[in-house]
Every structure is written in C-alpha cells, then in structure tokens.
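Report on the following structure.
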Amino acid sequence: MRRYGSAVLLLLTGGAVLRISLFGDLYLRYVQAALRPYLVVSGSLLILLGVAAAVRGMSHRDHQEAQAQEHEEEEEEGHSHSHGPRIAWLLTLPALALLLFPPPALGSYSASREQARLAAQGVGTFPPLPAGKVLDISVAQYSSRAVYDTGHSLKGRTVRMTGFVTHGSNGTWYVTRLVVTCCAADATTSKVEIRGTEADDAPQTDTWVAVTGTWLPKGKLGTDGAWPPLLDATTVTQVKQPADPYEKR
Amino acid sequence: MQNERTVVDGLRLAVRAMVYAVLGGAALTAIATVVSVLGPMLAIDLYTPPVAAWWTVFTAVAVQGVPFLLLGTVVSAAIGAFVPEQVFTRLLPRNQALAVPIAGAAGVVLPGCECASVPVASSLMRRGVAPAAALAFLLSAPAINPVVLVATSIAFPGQPKMVLGRLVASLATAVVMGWLWARFGREEWLRLPKGTRTTHSTAGVQAFVAGLQHDFLHAGGFLVLGAAAAATFNIAVPRSILDIFTGSSWLSLLLLALLAVVLCVCSEADAFVAASLSGFSPAAKLAFMVVGPMVDLKLIALQAGTFGRSFALRFSSTTWLVAVASSTLVGWWLL
C-alpha cells in the first residue's frame, strides 16, 4: 500500500470527480453548471497522474529487484514521491462519499436557517418579460420583480415556478429555491408564499412542486412589508427534483 | 538479448498489473458490499438534516476547489520543472521595496480562486523570488484578477466604486503585507517547501509529473481539512446572528470581516454573498470581499501545510488586521 498510496489517492479523487461530472449530473448538487468542463478536465488529469504513479511504482519495484543493493539511495527518494504526504489521505473522505453515497442537494434545512431576503438594491424598473400564455419564471426572479419592480411587470401574468416546499407558522407554506453562485457553500434562499384555495392542503416539506398562478400584490414596494411575495395558485403539481436543484443568479 | 529482456520485463509488468487489478478489485467489491449492507442501517440514525447539509457543503467546497488547486499545482510544477532558476530574479528588481508592488500587480494574471495561488507562491519562492514579493502575489492574485472583478461588478450593478474599492483595498493590503514581511519577516518563521525535490537526476517532464502529484496530494489534503472547517461553521453559525450587529457600523464591519474568515466563500462568489447581506454598510461589505480571498479557514489550512503552522498563524492574523484597516480607509474615502 505504501508504494501505491499516491496512485490510489489520485485514482480515487479523479474517479470521484469524473463520476459526478462526466457520468451524470450529480455535480449540480455541489457546484454551478459552468464548472463542468473544468471538472472533467481535472478528473481526467488526475486519473492520468494516478496511472503514471502506479506504473512508476511497479517499474520501480522491478528495478529494485534487479539491482537490489546498489540503489538504496534512489529508492529512498523514490519513496518520497510515491507514497505521497500523509495528510493526503483526507482526500478519501470526500472521494468515497461522492463514489458511494453522494450527499443530497441542500433543501429545506438550509433554507430555514437563513432568513430569505433579497439584496436591497432599491426599487426600479425591470426589463419587460417575454410574451406567452404561461410564463416560466425562477423563484428569485419572481421575488425581485414582486418586491422591487415599480413597473409592475408581473401584473396580470400567469406564471409557473418550480421549487421545494417549506412551511412557515400558522399553516403558511412557501415554494422555495436556493440560489448558488459558485458552490453550495454560498447558497442563498428565495421563497414565495402560496395562497389560494389550491394551497389549502400543503404538500410535505421538501416535496418538489410546480405552481401556476398569478401575482398578489402586498405591502409597499421595496420594504419589509412586501416580503415574502405572494402567489395566488391555480394549480399545484408534484414534480421530480430538477437536474439542477439550484437557481443561477 | 537486450530485446528479449525488455519483452520479458514487459510481460512480467503486465501480469503483475493484472494480478493487482483482480486482487484490488475483489477487495474493493468486498468492502463496497459490506458498506452498502451495513451502511444504510447506521446511516438512517446518523443522517439527520444538519449532518446531510454538512456533507453537502463539505464535498461542495472540496469539489469546487479541485480544478483551481490543480490549475495552481500545474502552474507551480511547471515553474519548478521548466523555468530556469535565474528568470524571476532577473525579471524582478533586486530592491524588495520595488519588487513587492510589481509582484502584487502581477496577481492580475492568475485567473483563479485562492486555492490556486498558494502552490504558485511557494514554487516562486523555490525559484529564488524574494518571499516578500511572492507573498504579495499570493495575496493579490485571488482578489484582483479579472474574473473576480467582473463578478463584483455584476453583483453590485451600477456601483463601479465597489469594484474600484475592492481593487484598491486588496492591492494595498497585499503590498503593505509584502513590505511588512520585507521589513519584519524572519526566515525561520517560513518553513520553505523542500527545494531538494527537483534537484536529483530527473528533470523536465518527469520532474513536472512528480512535482504535480506530490503538490496536488499535499495541498488537496489541506483543502479537505479547510473544507471540513468551512462546512462546520457554515452549519453551526446561525445567520440570524448577523441581524444583531447591523446597528453599529463598526461592529458590523468587524463582524463581516470575521464572517469572511469562517465562511470560506471562494473569491469568485463572495461578491454575490456580500451583495445579499442587506442592512450592512458598503464599507462592511467591502471588508468582507477584501478579507475573504486573503484570510479564510481553507486558506489558513493550505498555508499551514505549505509554509508551516507558525507562519500561517502569524501571517493570516496580520493580514486580517491590515485588510480590515485598508478596507476601512478605502471605504471611508470611496464609498
């Protein structure tokens, strides 16, 4: 194991990175979509390095057997290469986690820890929304238009949002989505309170739903009173968790 | 005769590789079977939502760090294997007081987050660059590269002063730290990375590959350590603590500067996190963005691994103070 230590570590790490980026969409639970090519390249490079380390470990041993005594010094040096630094064994933790039990996407627990609040950028007008009967819109986009748009671009539009369910006090419930910029460590929350007769029997926490409805104005624009925004729901359907569980900024 | 020998050697190598693959594969399958049978029983009890969130944030920080760390180690191994000893000493002025700002401004060229800059700085030192200049580069590279500045301008639309403030305050911190090291730094605090590694007979490509493997594994271990610390704080520190301090602008600046250390948000994303911290003064947000790429738990772990623990603690704490001071000054002047 000593001789092949770094080979094993490099292959494990590379394999884990490739497993989540090349063979599936799992990487979207952890990092943003644009990182994929870099992950694939890094994973492949790590595999190559691991193979190189394994080959060197093997040929080194042959070399040793052939000329056992003369090259003890070189062997010392060779070892400092091939059984990498001890701290490197920590890499097995995330690598095995990704290979065996990939951790789930962040959900209601993370959303509840953080007060959902948008950047206070002040009120203003927004670019016009695309035409169409039912408008697919992100939870973050809906929230910022509902709270900050002096042009009321949501007025009279039927919108559809996808997110997971979180519960507030007094039976209120929200469609919630986390926004990730770089990796899951920087996740921020946006949420929309669901009202209307359809909203009466609230789905369970962390269920993924697609909600169609119209905007219910509330509070004065740009103040805490306008938060969280409301949606008068006409249909609530359960859906599968989307491949990318987070919204982009 | 010679030919026969290499063929036999090759065959032996192939057979051995196959035996190892079969044995290793069997062992792995056995482990995987046991784990997948016993694992779920244990896991159901232990896998509460906070634990699950910890694992997700932990792997996320590690996964997102891997490409940048690899970029950094590729650059540093290339410097170690292919760039002749004299190049940097000739490029940089001999006078350290002059070399520091030049090295700091050169940070613009490394488009990565902070994981990439530690191995590069250490290989620069191995190649004879004065530590003061290499440290200025280490601090400025993740903070002032174009990717980070563009991200900042997107996060703060219509506030070009925020981008300018970040550039000025970060560069000032890096240069001041370089000068401080040139004046007060002691060689014995800095456990320079083993320079002997590339001196033996292997050179060129072989040295490059060996350096790459070693540097990546070494730094990767510390990245995992830092990721664990970041995930722990990310889950343990309630965000509502932020609301207590928004009242006092002084306290809030210090609080955000501390938050930058424990959250370990990568420098390409920290502008968005800063922008989402509503209720804080612009100077406090600036401090968050200046401190973040220079001092955080992940970075302290990486530096401790590369330059030694006593260096990492001294250097990081001083950098934190300088960064807070410089963002206070710049914030008061610009924002």
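Of the residues B:THR29, B:THR56, B:THR33, the single one that is modelled with pLDDT of 85 or more and either of a type in the set (Phe, Trp, Tyr) or surrounded by fewer than 24 Cβ atoms within 10 Å (Cβ to Cβ) (or both) is B:THR29.
Identification of strands (runs of 3 or more DSSP E) wholly contained in the range A:181-244 with 1 or more residues that are within 14 Å of another protein chain (Cβ to nearest Cβ) and within 18 Å of the chain's Cα centre (by Cα) yields A:188-195. Annotation: B:LEU149 fulfils all but one of (1) over 16 Å from the mean Cα position of the chain (by Cα); (2) within 23 Å of B:ALA301 (Cβ to Cβ); the unmet one is (2). Filtering A:GLY156, A:GLY151, A:GLY163 for residues that are within 24 Å of B:ALA275 (Cβ to Cβ), assigned to a loop (DSSP other than H, G, I, E, B) and modelled with pLDDT of 85 or more leaves a single hit, A:GLY151.
Among the residues in the range A:143-153, are any within 16 Å of A:ALA233 (Cα to Cα) and either touching a residue at least 40 places away in the same chain (Cβ under 8 Å) or not aromatic (Phe, Trp, Tyr) (or both)? So that I can check it myself, show each step before the final result.
First, the residues of the range A:143-153 that are within 16 Å of A:ALA233 (Cα to Cα): A:143, A:146.
Cutting the leftovers down to either touching a residue at least 40 places away in the same chain (Cβ under 8 Å) or not aromatic (Phe, Trp, Tyr) (or both) gives us A:143, A:146.
The answer is yes; a qualifying residue exists.
Against the numbered list (1) touching a residue at least 40 places away in the same chain (Cβ under 8 Å); (2) touching a helix residue (DSSP H, G or I) at 6+ places or on another chain (Cβ under 6 Å), A:GLY219 comes up short only at (1).
So, in the range A:1-45, how many residues would count as being in contact with a His (Cβ under 7 Å, 6 or more places away or on another chain) and at the interface with another protein chain (Cβ under 8 Å from one of its Cβ atoms)? Matching residues across the range A:1-45 total 1.
Checking each residue in the range B:84-94 for being under 17 Å from B:ALA141 (Cβ atoms) and touching a residue at least 40 places away in the same chain (Cβ under 8 Å) picks out B:PHE88, B:LEU92.
In the set A:GLU247, A:GLU198, only one residue is touching a helix residue (DSSP H, G or I) at 6+ places or on another chain (Cβ under 7 Å), surrounded by fewer than 22 Cβ atoms within 10 Å (Cβ to Cβ) and either modelled with pLDDT under 85 or of a type in the set (Asp, Glu) (or both); that residue is A:GLU247. Considering only residues in the range A:77-101 that are in contact with a Ser or Thr (Cβ under 8 Å, 6 or more places away or on another chain) and at pLDDT 90 or above, the one that is surrounded by the most Cβ atoms within 10 Å (Cβ to Cβ) turns out to be A:PRO94. Kindly indicate whether B:ALA155 is at pLDDT 85 or above and either crowded, with 21+ Cβ neighbours inside 10 Å or not aromatic (Phe, Trp, Tyr) (or both). Taking the combined requirement at face value, the residue does not satisfy it. Scanning the range B:267-313 for residues that are more than 11 Å from every other protein chain (Cβ to nearest Cβ), more than 19 Å from the chain's Cα centre (by Cα) and either crowded, with 24+ Cβ neighbours inside 10 Å or in a helix (DSSP H, G or I) (or both) yields B:PRO282, B:ALA283, B:ALA284, B:LEU286.
The values are calculated or read from the model by the stated rules, or taken from the named source; none is laboratory data. Because the structure is a prediction, the values reported are computed rather than measured. With ideal geometry, Cβ positions are generated from the backbone for all residues, glycine too; neighbour counts draw on all protein chains shown.
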